[in-house]
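This report refers to the structure that appears directly beneath it.
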Amino acid sequence: MTELMPENQTYEQSVVVSNWQGFHVRPSALFVEAASHFSSHITVYKKGSEFNKVNGKSVMGLITLVAQKDSEIVIQAVGEDAKASVENLVKLVRSGFNEE
Amino acid sequence: MKNDREQIFVGIVASPGYEIAHCQLLLEEEPIVVKRVLSEKDIESEVEHFSVVLSDLDHQLRKVLETLDSKDVSYRVILSQLAFIEDPIFRQEIIDRTQKEKLNIDYIFVQVLQNQVSRMSRSEGSFYEQLLQEFSQFSLFVINSLNGRTYSLAWDKECILVARDLSPSQTVRFIKEQVVGFAIDSGSQTSHVAILARSLGFPAVVGLKNMSMTVQKDSLLIIDGCEGKVIINPTEETLSLYWNLKRRYENYQNRLSDLKEQKSETLDHRKIHLMANVGFPEEIDTVHKMGASGVGLFRTEFLYMNRVNLPTEKEHYEVYKKMLLNLKPLPFYIRTLDIGGDKFTSSINVPKEISSFLGLRAIRLCLKYRDIFTTQLRAIARASALGSISVIFPMISNVDEMNEIEVLWNQVCEEVQSEGIQVGHIKKGVMIETPSSALIADKLLNYADFFSIGTNDLIQYTLAVERGNESIAHLYQPFHPAVLKLLKMVVVEAHRRKVPVHVCGEMAGDPLGALLLIGLGVFHLSMSPVHLLRIKDIVRRVRWQDLHEISQKLIDEEGALGVKNRLKQILLDEKSNDIIKGENYE
C-alpha cells in the first residue's frame with residue numbers, strides 16, 4: 001500500500017484558455033514566471049494531445065502546446081505545494097493573463 | 001565565383017521611375033550543421049562558448065527591443081526569441097545532451113529544437129505557422145551566431161531591395177529604411193509590393209522570376225520601372241543611358257507638378273474629380289503634394305497589421321481625426337475593414353480557407369465579428385463631428401448585407417449621439433467589386449449615396465483571374481468586354497437615379513483606363529497619388545464629348561486590344577504622342 005507523503009502531493013486541474021492570443025510568448029512567459037515561484041514539478045498538456053506533456057517552467061515547452069483560445073489544458077503538479085501551484089496557475093489562465 | 005557581366009532581367013512594371021543604386025539582398029540563408037564528435041576536453045569549451053553566445057544574443061535583443069514600439073509585431077517576435085534564449089530548461093537540456101552524447105552543440109541545438117517542433121500538434125490557423133516561423137528564425141539566429149556569422153538589417157546607404165518575395169508586414173517596416181526601389185522575383189502589377197512602391201513614389205519591378213538567386217550581394221543595379229527591367233552590373237554605356245532617362249523622367253515629373261494648380265477639366269470643361277487612394281496616414285503628404293481633390297479611398301487595414309491585439313476605438317478615432325483635420329475641407333472617404341485575401345493580420349485568428357478571396361473577408365468578416373465592425377463604425381461616427389466623412393462598405397454582394405449594415409449603423413449613431421456627440425451627415429457608399437453587386441446595382445441604389453467601383457477585384461472576380469499570380473497575369477484585362485459591360489451597367493443605373501459613381505481601382509490611374517471611365521460617365525477617379533498629375537495632364541488634353549461618343553463603340557469591341565487601340569486613337573487625335581510614347585503604347 002503506497003501512501004503519499006505530505007511532501008509529495010499530486011494535484012491536477014483543467015482550464016480553458018480564454019485570452020485572444022492563446023499560449024503565445026507573452027502569456028507563456030507569464031505562466032512560467034508564476035510557476036517558478038512554486039517548488040513543485042509542473043507539467044502541462046493540452047486535451048487531445050496527451051503525448052505532448054511539457055514542463056510548465058519552460059516557455060519553449062509551453063509554446064509547443066499550440067494552446068489557442070478555447071482549447072482546454074490540464075495543469076499537473078507534484079511536490080510540496082502541488083495544490084497551491086495548480087490553483088494559482090489555473091486562476092492565471094482563467095483571468096486571460098490580464099490582457100485587454 | 002564573381003560574375004561581373006552585365007545582365008538584364010525582365011519582369012513586370014510595378015511602379016514607374018528609374019533608379020540606380022546598390023542592391024540589398026533579403027535572403028534567408030540556411031546554415032548547414034554537420035555532426036561532429038567532441039573530445040572530452042572540447043566539451044567544456046563548447047558549452048562555455050554556447051553560454052557566452054546566448055548571453056550576448058540576449059543583450060543584443062534587449063537593445064533592439066528598446067527601439068521598438070510594443071504594438072509592432074517585431075516586438076513580439078523579439079520577445080519570443082528572448083524567451084527562448086532565457087528558457088533555463090531548454091538551455092539545460094542542450095547542455096546535458098552535449099555532455100552526454102559528446103557532439104557539437106549546434107548539432108544538439110538543432111536536434112532539441114526539432115524535437116520541440118515535432119511535438120507541436122498541427123492545428124488550423126496561423127498560430128502554428130507563426131510558431132514554426134519563429135522557431136526557424138530563432139534557429140537561424142542562434143546557429144549563425146554560434147558560427148560567428150551575424151547579419152544586420154540596418155543599411156547605411158541608399159539601396160534597391162532585392163528579394164524573392166516581400167510580405168506586407170515586412171514592407172511596412174522598410175518604409176523607414178533607405179530603400180529607393182524594389183526588385184522582387186514574385187508578384188504582379190496589383191500585388192501589395194507594387195501598390196506600396198507606387199504610393200511611396202519609387203520604382204519597382206516584380207515578377208523577375210529568379211533574379212534574387214543570381215545577383216551578388218552589393219551589386220550595382222538599375223531599376224527601369226517604366227519598361228519593367230532590372231540590369232545588374234551595367235556597363236558604362238548602359239549607365240550613361242539610364243542616368244539620362246532618369247533625368248528626363250524627373251524633369252517630366254517636375255513639369256507635371258506645374259499642373260498641380262491647374263484646373264482638372266477636359267477641353268470642353270467637364271470637371272473630373274481626381275482623388276487619392278491612401279493606405280497609411282504617412283501618405284497624406286503626397287495627397288497635398290499632388291494636388292488631389294480629396295482622399296477617395298482611405299484603406300484602414302494598416303490599423304490591423306503588424307500587431308497581435310485589435311485596434312481600440314480610440315486608436316481608430318485618433319487616426320480619422322488626424323486625417324480629417326489635415327484634409328479639411330477636402331472630402332474624405334473611409335473604407336471599412338477589408339481584411340482577407342492577400343492582406344495579412346496577426347490578430348484575428350480566422351481559420352485558413354481554401355480560397356480566401358471567396359471567403360470570410362471584408363464586410364462578411366465584419367458582420368460575423370460585429371464587435372470589430374462596431375468599434376470602427378463608432379470611431380467614424382464620432383469623427384464625423386469634426387468634418388465631412390463618407391464611408392464605403394467593401395465586398396457587398398447582396399441587399400441583405402446592406403440591411404444589416406443599416407441596422408448596425410443606426411444603432412451606432414444613436415449610441416454615439418446619446419453620448420453627447422453631434423454625429424454629422426455621413427454619406428454611405430457601396431463598393432462595387434463583385435459581379436453580383438454590379439448586376440444588382442439598381443437594387444443597391446436604394447442604400448447608397450454613391451458607388452465606388454473597385455476595379456481590381458471586380459476584374460478578378462469577373463474574369464476569374466487571381467491577382468498576384470504571375471502565371472496568369474496576362475489574363476487580367478481591365479479592358480475585357482465583360483468588364484466594360486458591367487461598368488456600363490453600373491454607371492447607367494446610377495445616373496438614372498443621379499447617384500455619383502467613383503472608381504478607386506488601379507484602372508483609374510491608368511491613362512487609357514481613365515479615358516474609358518470618363519467616357520462611360522465616371523467623373524470621380526481615385527488613384528495612387530503617383531499617377532494623379534499624369535492623369536490630370538491627359539484629362540486636360542481631351543474632349544469629353546469625344547470620349548463619350550467612343551464609349552459606345554468600345555462596348556462593341558470583341559477584345560481588350562480593340563478597346564485599347566480606339567482609346568489610343570483619341571490621344572493621337574489630340575496630338576498627345578508624347579503620352580503614347582511615354583506609356584509605351586505604340
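Count, please, the residues in segment A:35-44 that happen to be buried (at least 19 other Cβ atoms within 10 Å of the Cβ) and either within 11 Å of another protein chain (Cβ to nearest Cβ) or outside any loop (DSSP other than H, G, I, E, B) (or both).
Count: 3.
Out of all the residues in segment A:28-36, is one or more without any contact (Cβ under 8 Å) to a residue 24 or more places away in the chain and either of a type in the set (Gly, Ala, Ser) or in contact with a strand residue (DSSP E or B) (Cβ under 7 Å, 6 or more places away or on another chain) (or both)?
yes
With the structure loaded, tell me whether residue B:290 is within 30 Å of residue B:230 (Cα to Cα) and either in contact with a Phe, Trp or Tyr (Cβ under 6 Å, 6 or more places away or on another chain) or not polar (S, T, N, Q) (or both) or whether it fails that test.
So residue B:290 passes the test.
Of the residues that make up segment B:419-434, is at least one touching a Leu at 6+ places or on another chain (Cβ under 8 Å) and either on the phi > 0 side of the Ramachandran plot or hydrophobic (A, V, I, L, M, F, W, C) (or both)?
yes
Does segment A:5-32 hold any residues that are over 12 Å from residue A:62 (Cα atoms) and either within 11 Å of chain B (Cβ to nearest Cβ) or of a type in the set (Asp, Glu) (or both), and which are they?
Correct list: A:7, A:12, A:19, A:20, A:21.
Pairs only if they're at least six apart or on different chains, beta carbon under 8 angstrom, first in segment B:454-466 and in a loop (DSSP other than H, G, I, E, B), second surrounded by fewer than 18 Cβ atoms within 10 Å (Cβ to Cβ); list them, first residue then second.
Within 8 Å, the pairs are B:465/B:472; B:465/B:475; B:466/B:357; B:466/B:472.
How many residues does segment B:76-100 contain that are touching a strand residue (DSSP E or B) at 6+ places or on another chain (Cβ under 6 Å) and in contact (Cβ under 8 Å) with a residue 40 or more places away in the chain?
Final tally of qualifying residues: 0.
What about residue B:103, is it aliphatic (A, V, I, L, M), in contact (Cβ under 8 Å) with a residue 40 or more places away in the chain and touching a strand residue (DSSP E or B) at 6+ places or on another chain (Cβ under 9 Å)? Steps first, please.
Values: aliphatic (A, V, I, L, M): yes; in contact (Cβ under 8 Å) with a residue 40 or more places away in the chain: yes; touching a strand residue (DSSP E or B) at 6+ places or on another chain (Cβ under 9 Å): yes.
Spelling it out, residue B:103 is indeed aliphatic (A, V, I, L, M), in contact (Cβ under 8 Å) with a residue 40 or more places away in the chain and touching a strand residue (DSSP E or B) at 6+ places or on another chain (Cβ under 9 Å).
Tell me which residues, restricted to segment B:400-427, are outside any loop (DSSP other than H, G, I, E, B), closer than 16 Å to residue B:324 by Cβ and among the hydrophobic types (A, V, I, L, M, F, W, C).
Filtering segment B:400-427 down to residues outside any loop (DSSP other than H, G, I, E, B) leaves B:400-418, B:427.
Imposing the further condition that a residue be closer than 16 Å to residue B:324 by Cβ reduces the set to B:416, B:427.
Listed by number, the list holds a single entry, B:416.
If you scan segment B:231-287, which residues turn out to be more than 29 Å from the chain's Cα centre (by Cα) and part of a strand (DSSP E or B)?
Across segment B:231-287, the qualifying residues are B:265, B:271.
Among the listed residues A:77, A:67, which satisfies the condition of being buried (at least 23 other Cβ atoms within 10 Å of the Cβ) and assigned to a loop (DSSP other than H, G, I, E, B)? Even if it seems obvious, please write down each step before you answer.
Details: A:77 fails: assigned to a loop (DSSP other than H, G, I, E, B).
Going through A:77, A:67 in turn, the sole match is A:67.
Can you pull out the helices (runs of 4 or more DSSP H) entirely within segment B:482-569 that have at least 2 residues that are farther than 18 Å from residue B:287 by Cβ and charged (D, E, K, R)?
Here the list reads B:544-556.
Is it fair to say residue B:325 is at pLDDT 90 or above and part of a strand (DSSP E or B)? Even if it seems obvious, please write down each step before you answer.
Values: at pLDDT 90 or above: yes; part of a strand (DSSP E or B): no.
No, not satisfied.
Just to be sure before I move on: is residue B:392 over 17 Å from residue B:332 (Cα atoms), in contact (Cβ under 8 Å) with a residue 40 or more places away in the chain and either crowded, with 17+ Cβ neighbours inside 10 Å or of a type outside the set (A, V, I, L, M, F, W, C) (or both) in the structure I sent?
no
Could you tell me which numbered condition residue B:392 fails, if it satisfies all but one of (1) at pLDDT 95 or above; (2) assigned to a helix (DSSP H, G or I)?
The number of the failed condition is (2).
Identify the residue in segment B:82-101 that is farther than 11 Å from residue A:60 by Cβ and either within 10 Å of chain A (Cβ to nearest Cβ) or modelled with pLDDT under 90 (or both) and, among all such residues, is surrounded by the most Cβ atoms within 10 Å (Cβ to Cβ).
Among those that are farther than 11 Å from residue A:60 by Cβ and either within 10 Å of chain A (Cβ to nearest Cβ) or modelled with pLDDT under 90 (or both), it is B:82.
From the list A:53, A:69, A:57, pick out the single residue that is in contact with a Phe, Trp or Tyr (Cβ under 8 Å, 6 or more places away or on another chain), at pLDDT 90 or above and within 14 Å of chain B (Cβ to nearest Cβ).
A:53
Quick one: which of B:532, B:516 is within 19 Å of residue B:568 (Cβ to Cβ), crowded, with 23+ Cβ neighbours inside 10 Å and in contact (Cβ under 8 Å) with a residue 40 or more places away in the chain? Don't jump to the end; show me each part of the working.
On the way: B:532 fails: within 19 Å of residue B:568 (Cβ to Cβ).
Among B:532, B:516, only B:516 is within 19 Å of residue B:568 (Cβ to Cβ), crowded, with 23+ Cβ neighbours inside 10 Å and in contact (Cβ under 8 Å) with a residue 40 or more places away in the chain.
The values are calculated or read from the model by the stated rules, or taken from the named source; none is laboratory data. No experiment lies behind these values; they were computed from the predicted model shown. Here the Cβ is made from the backbone with ideal geometry for all residues, glycine too, and neighbour counts use every protein chain on show.
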